[in-house]
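Input: a single structure, listed below in structure tokens.
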Amino acid sequence: MAGGTGGGETITMATHESGLPAVHEHAAPQGFIRKWVFSLDHKVIGLQYYFLALAAVFVGMFLSLLMRIHLIWPAATLPLLGDIKPETYLTLVTMHGTIMVFFVLTTAPQGGFGNYFLPIQIGAPDMAFPVLNMLSFWTTFLGFIVMIAAFFVAGGAPLHGWTGYAPLSAVQSAGPGEGLGADLWIISIAIFCIGALMGALNFITTTLDMRAKGMTLMRMPLTCWAWFVTAILGLLAFGVLLSAGILLLMDRNLGTSFFVPLITVNGQLTGHKGGSPLLWQHLFWFFGHPEVYIAILPAMGMCSQLLSVFSRKPIFGYKAMVYAILGIGFLGFMVWGHHMFMSGMSPYTAFAFSIMTMGIGVPSAIKTFNWLGTLWGGRIRFASPMLFAIGFVSLFVSGGISGPFLAQPVLDIQLHDTAFVPAHFHLIMGVASIFGIFAATYYWFPKMFGRMMNETLARWHFFISLIGTYAVFMPMHYAGMAGQPRRYSQFTEVHYLASLIPLNKFITFAAFVTIAGQLFFVVNLFWSMFKGPKASDNPWEATTLEWTTATPPPHDNFGGKTPVVHNGPYEYNVPGAPRDYVMQNDPEIKAAH
């Protein structure tokens with residue numbers, strides 16, 4: 001640390017001008033285990049999160065494939081799996097939803113890319129608490145193992161849906177899989193919550209405390225704003241779900257009655273009384289709606305970043321974009337009741353939640369129009385990250401349009417338990433977030449692995465995924481409006497749904513093609529890691545700090561020399577600048593613009 005006071009040359013003083021102790025400093029790892037397994041380096045932890053999510057997404061996709069097969073061929077006997085019983089179908093629904101929401105949509109955008117790039121983009125040498133960071137990943141990993149273990153215990157995995165509604169989830173004798181499998185499901189989610197809380201604390205502290213000199217909050221890339229607000233949402237939401245999970249475990253195993261009223265199961269009194277199933281719904285959805293934004297906000301930040309980089313224009317309305325992210329985070333906690341219009345709530349309460357739900361459409365619309373404003377008149381480069389960013393906007397708008405329908409109690413009561421709802425949230429939350437993950441992968445792969453991905457395979461992947469997604473989820477809206485119920489394992493024999501069988505066959509075949517199209521991505525990802533063409537330090541000619549350092553970045557991100565920031569994150573086409581982009585750590589351009 002000698003000479004640390006002279007101009008902020010060393011890491012600690014540059015990041016901690018206030019003289020706070022440098023908790024984050026640690027030596028470069030020596031052995032394999034310290035470097036790649038129990039690593040303290042945020043970049044390795046980011047990759048660990050990413051590959052955990054990659055494994056999880058294939059498990060989740062396989063489960064959805066089995067569901068689609070069963071819906072159109074309910075009597076089919078599958079190799080290795082046999083025939084799918086109605087309760088097995090409900091297990092597939094439960095585990096598909098849980099794995100996708102927690103271990104893919106929450107894990108990859110925030111844990112994966114957030115961990116890897118937040119410190120580099122703000123000019124920090126690492127996350128604020130590296131050991132906590134390592135613990136948060138291994139906690140999440142343990143949660144995933146416990147979740148998968150639920151498939152292999154007596155009775156199998158639970159069938160109470162990813163929302164775990166009581167009393168179905170709160171009484172052990174309520175159905176197959178509601179014994180040890182349901183306990184493991186709850187324990188897994190509780191473990192995941194602990195990991196998410198540790199990660200959220202780390203993100204918030206890092207963003208507030210470790211920015212490089214000159215990196216004011218309003219000079220942060222929108223990706224960093226999105227990760228920061230997502231971390232705040234996670235800190236407030238996961239604690240509630242953790243508490244609810246503990247109460248549910250107590251109801252199931254200790255004889256308490258938080259969620260279980262006086263009920264009989266198969267004619268037998270259960271010994272519970274006085275609990276409220278609605279209390280579980282309130283606690284779950286108070287977490288569940290912010291969770292939607294935890295999944296989508298990082299993708300919004302990514303999309304903002306990429307549209308600016310590949311349009312060669314500053315993002316349209318940077319401050320409006322920041323305030324819109326903050327507004328979505330704030331309003332996200334006030335709308336959970338719109339999941340519960342069917343629960344018998346007071347029409348006055350429903351009206352309030354309906355108004356708030358319409359209100360949260362405003363910041364989302366501001367973001368959408370600003371994305372279109374960024375594209376307008378730009379010199380657009382249609383590279384693969386840009387294609388997925390545009391695809392994200394398309395899916396976000398298409399999925400968002402059906403939101404105001406479900407925000408009206410009078411319409412939601414008709415549509416609530418139909419296929420319309422899965423169609424809506426898969427477009428806006430599921431696949432839109434996945435497109436953000438794909439865009440981020442194609443964009444940052446050169447920085448992470450030092451090689452470029454294959455552009456031809458990426459384009460095939462994009463068009464199959466986009467067309468396939470619309471082919472799956474657009475018809476599902478119409479099936480819902482025609483009255484096709486959710487969560488039913490079989491309706492091929494139901495007279496009033498007979499006319500929907502061809503539509504369901506079409507959806508299933510579209511799903512086959514879409515899932516097969518993901519092989520383009522997997523092959524591209526692993527082939528390019530070893531055989532892709534070597535990447536330069538800044539292949540996309542972008543301005544943010546991760547493109548100023550070596551490829552892949554060194555252990556402390558900037559090779560001992562902390563950057564000093566002079567410019568905003570989206571300085572493209574600046575009059576008087578030598579190139580069509582100005583890096584954040586370039587000298588300030590004194591031009592009127």
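Numerical summary
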{"read-out": "M95 vs. criteria open to solvent by 30 Å² or more (accessible area, probe 1.4 Å), at pLDDT 95 or above and not β-branched (V, I, T)", "value": "no"}
{"read-out": "Out of L217, L180, L197, sole residue that is within 21 Å of the chain's Cα centre (by Cα), open to solvent by 20 Å² or more (accessible area, probe 1.4 Å), assigned by TED's automatic domain parsing to the domain that holds A154 and modelled with pLDDT of 95 or more", "value": "L197"}
{"read-out": "Complete set of residues in the range 86-131 that are under 24 Å from Y442 (Cβ atoms) and not in a helix (DSSP H, G or I)", "value": "T106"}
{"read-out": "Selected residue (only one of L197, L201, L159 is in contact (Cβ under 8 Å) with a residue 12 or more places away in the chain, in a helix (DSSP H, G or I) and closer than 26 Å to H339 by Cβ)", "value": "L197"}
{"read-out": "Number of the exception - F425 against (1) more than 18 Å from the chain's Cα centre (by Cα); (2) within 21 Å of L395 (Cβ to Cβ); (3) open to solvent by 40 Å² or more (accessible area, probe 1.4 Å)", "value": "(1)"}
{"read-out": "Residue list for the range 556-593, filter: of a type outside the set (A, V, I, L, M) and surrounded by fewer than 16 Cβ atoms within 10 Å (Cβ to Cβ)", "value": "G559, G560, K561, P575, G576, P578, R579, D580, P587, E588, K590, H593"}
{"read-out": "Residue within the range 500-520 that is small (G, A, S), buried (at least 20 other Cβ atoms within 10 Å of the Cβ) and in a loop (DSSP other than H, G, I, E, B) present", "value": "no"}
{"read-out": "Top-ranked residue in the range 475-487 [being assigned to a loop (DSSP other than H, G, I, E, B) and open to solvent by 20 Å² or more (accessible area, probe 1.4 Å); ranked as nearest to H160 (Cα to Cα)]", "value": "R487"}
{"read-out": "Within the range 375-434, helices (runs of 4 or more DSSP H) holding 2 or more residues that are of a type in the set (S, T, Y) and closer than 21 Å to T469 by Cβ", "value": "384-401"}
{"read-out": "Options A149, A190: the member that is under 24 Å from V292 (Cα atoms), among the small types (G, A, S), surrounded by fewer than 24 Cβ atoms within 10 Å (Cβ to Cβ) and without any contact (Cβ under 8 Å) to a residue 60 or more places away in the chain", "value": "A190"}
{"read-out": "So I84, is it modelled with pLDDT under 95 and crowded, with 18+ Cβ neighbours inside 10 Å", "value": "yes"}
{"read-out": "Which listed residue, of V131, V104, is open to solvent by less than 10 Å² (accessible area, probe 1.4 Å), in the same structural domain as K43 (by TED's automatic domain parsing) and modelled with pLDDT of 95 or more", "value": "V104"}
{"read-out": "Any hit, the range 525-532, residues being over 24 Å from A389 (Cα atoms) and in a helix (DSSP H, G or I)", "value": "yes"}
{"read-out": "Filter result for L222 (open to solvent by less than 60 Å² (accessible area, probe 1.4 Å) and within 30 Å of G181 (Cα to Cα))", "value": "no"}
{"read-out": "Of all residues in the range 118-177 being under 19 Å from D251 (Cα atoms) and aromatic (F, W, Y), the one that is farthest from the chain's Cα centre (by Cα)", "value": "Y165"}
{"read-out": "Test: K313 is part of a helix (DSSP H, G or I), among the charged types (D, E, K, R) and within 30 Å of V393 (Cα to Cα)", "value": "no"}
{"read-out": "Which numbered condition Q490 misses (of (1) open to solvent by less than 70 Å² (accessible area, probe 1.4 Å); (2) under 23 Å from M61 (Cβ atoms); (3) not charged (D, E, K, R); (4) not in a helix (DSSP H, G or I))", "value": "(1)"}
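The values are calculated or read from the model by the stated rules, or taken from the named source; none is laboratory data. Since we're looking at a predicted model, the values are computed, not measured. We place every Cβ from the backbone using ideal geometry, glycine too, and count neighbours over all the protein chains shown. SASA here: full protein model, heavy atoms, side chains in, ligands and nucleic acids out. Shrake-Rupley method; radii C 1.70, N 1.55, O 1.52, S 1.80 Å.
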